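Since the structure comes first, as structure tokens, the remarks are kept for the end.
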Amino acid sequence: MLTEINFDGIVGPTHNYAGLSLGNLASARNLGKVSAPRAAALQGIAKMRANLGRGLAQGFFLPQRRPDAGWLARLGTTPETASATLRANALSASSMWAANAATVSPAPDTADGRCHLTAANLVTMPHRSHEWQETLAQLRIAFANDAHFAVHAPVPPPFGDEGAANHMRLCARHDAPGVEVFVYGEAGGPFPARQHREASAAVARRHGLDPERTILALQSAEAIAAGAFHNDVVAVANERVLFTHEQAFADREVFYADLRAKLPEVEIVEVPASEVSLADAIRSYLFNAQLVTLPSGEAALVLPGEARETPAVWAWLERHVSGNGPIRHLFVHDLRESMANGGGPACLRLRVVADPAAVDPRFMATPEKLDRIEALVARLWPEHIAVEDLSNPALWADCLSARAALCKELGLEELDRDAF
Ligand code: SUG
């Protein structure tokens, strides 16, 4: 049976605040702050556990091996000899944000009836540009069943692709054919446009999508300038519902009309700027919630604590839920560590509509497996990392062995190697 599975990126032991993401306001604001990798990973595990408890299918991806000595070697250096900047780029735990791992087109949308996944190249940011090799390796293991899945290598550079963070799927039900929306940005503002139109179009072609059910929509320049470095910071979709800020898209009337023509049952829940400013939306990550369908059929939002702490946002949500809106439940999670690098609940997960039985079970979560992961993290993940610690070889060794222990615990030792 086709169902939506959320694969969360487990937060890696090197999680830190080196301020690497230009255009991501939280990352810049928290540059130099002391991170708490253990707490970060435990916060993520608690979210996964809660979603499992809500009756949702849950999987995960492993944190990548950091420092990435293979990448530094390709640059002619090593963790010991690299500049502080290159070293920080080699140590980032950014693969936790699994929404950027790949773009996924479920089987009902594709020409060959398989679920297609394209690993994202993430070329715009140096610290993320070397994720795709291991991401691809993990996708090829998790989705090895080629009767069900087709896993593609990334679109070639220079066309920037940031994966599912700029992709939305609207459909009557997850197992019905959907309309896939690819949101891209245009260069010219103060911050880089990380998703290029050419990359989005290439993914749509490679996945065998029907052009009649595919939309390429331009992200508004003001949203990027206000800190929406990915579209999933200002809009999220699930089944028939598009939940979006008024200023998310460059030409919203044209986009909405196109969407309504392609999927007449679509329900557009637009939050006006007069009620929630773009700045509040981005600060609170209102739209970086996971919009999910509960087993009861009702829609729920899985939100970060910051949404409850932002008065205009919480007031809007309470009004919506007490009125007749399509979102019926609000669940709030403390994800402060990931949020401080600009990663909310939706950034931490990749959605795959598939039969869970077709996925390699080593990547599927159960309460018992989450207990084991949690115990290992509590024992081996560093409690704190200050930016100065990033040059300490003992920290690298501890992080590599902590990750190796997780690979072993999950029966995925094949991922514990240097080069991908
Ligand atoms: O790519 N932050 C990530 C956050 C990704 C959020 N993902 C989605 N919106 N789907 C990024 O900007 C900060 C890392 C640092 O500064 O060390 C970072 O990479």
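One table, with the values for the structure above:
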item: Where N is the number of residues in the range 1-158, Cα Rg divided by 2.2 N^0.38 Å; result: 1.12
item: Percent carbon-and-sulfur accessible area, the chain, ignoring ligands, DNA and RNA, probe 1.4 Å; result: 54
item: Shape category assigned to the range 322-396 from the gyration tensor of Cα positions, a/c cut at 1.5; result: oblate
item: 0 to 90° range, to nearest 10: angle between helix 132-142 axis and the chain longest Cα axis; result: 70
item: Accessible area (Å², 1.4 Å probe, nearest 10) - Leu139; result: 0
item: Qualifying trypsin sites (Lys or Arg not before Pro) in the range 351-420, DSSP loop, other Cβ atoms within 10 Å at most 16; result: Arg417
item: Counting DSSP beta bridges with both ends in the range 196-296, the antiparallel % (nearest 5); result: 50
item: For the range 162-207 and the range 44-97, distance of Cα centres in Å; result: 23
item: Cβ-based net charge around Leu209, under 14 Å, with every Lys or Arg adding one and every Asp or Glu removing one; result: +1
item: Choice from Arg114, Arg54, Arg252 with maximal GNM fluctuation in the chain (Cα, 10 Å cutoff); result: Arg54
item: Accessible area (Å², per residue) of the range 269-313, counting only protein heavy atoms and a probe of 1.4 Å; result: 32
item: The range 1-77 - charge dipole about Cα centre, Lys and Arg +1 at Cβ, Asp and Glu -1, debye rounded to 20; result: 220
item: Rel. contact order, % - alpha carbon contacts under 8 angstrom, at least six apart, the range 225-294; result: 46
item: Relative contact order, percent, the range 4-125 [alpha-carbon distance under 8 Å, six or more residues apart]; result: 28
item: Long-range lysine pairs (8 or more apart or interchain), the range 3-417, Cα under 26 Å; result: 4
item: Sum of side-chain charges, Asn238 neighbourhood, beta-carbon under 10 Å (Lys, Arg +1; Asp, Glu -1); result: +1
item: In Å², nearest 10: area of Met364 left accessible to a 1.4 Å probe; result: 30
item: Accessible surface, 1.4 Å probe, highest first, among residues Thr244, Thr214; result: Thr214, Thr244
item: Residues whose placed amide H lies under 5 Å from that of Asp355, excluding near-sequence neighbours; result: Thr3
item: Rg(Cα)/(2.2 N^0.38 Å) for the chain, N = residue count; result: 0.91
item: Mean ellipticity per residue at 222 nm, deg cm²/dmol - from DSSP H runs of n ≥ 4 across the chain, formula -39500 (n - 2.57); result: -9000 deg cm²/dmol
item: Cut-off 12 Å between beta-carbons: net charge of the residues surrounding Gln290, Lys and Arg +1, Asp and Glu -1; result: +1
item: Percent of beta bridges antiparallel (DSSP, the range 3-417, rounded to nearest 5); result: 50
item: Relative contact order for the range 3-417, counting Cα pairs under 8 Å that sit 6 or more residues apart, in percent; result: 23
item: With all protein chains modelled, accessible area of Trp71 [1.4 Å, Å²]; result: 30
item: About the Cα centre, charge dipole magnitude for the range 58-186 (Lys/Arg +1, Asp/Glu -1 at Cβ), debye; result: 300
item: Rg to Rh quotient for the range 94-135, alpha carbon positions, Kirkwood Rh; result: 1.08
item: Where only C-alpha atoms are counted, convex hull volume of the range 188-265 per residue in Å³; result: 99
item: Using alpha-carbon coordinates, inclination of helix 367-380 to the longest axis of the chain, degrees; result: 40
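The values are calculated or read from the model by the stated rules, or taken from the named source; none is laboratory data. Since this is a predicted model, take the numbers as computed values, not measurements. Cβ sites come from the backbone with ideal geometry, for glycine too, and all protein chains shown count toward neighbours. Heavy atoms of the whole protein, side chains included, go into the accessibility calculation; ligands, DNA and RNA do not. Shrake-Rupley method; radii C 1.70, N 1.55, O 1.52, S 1.80 Å.
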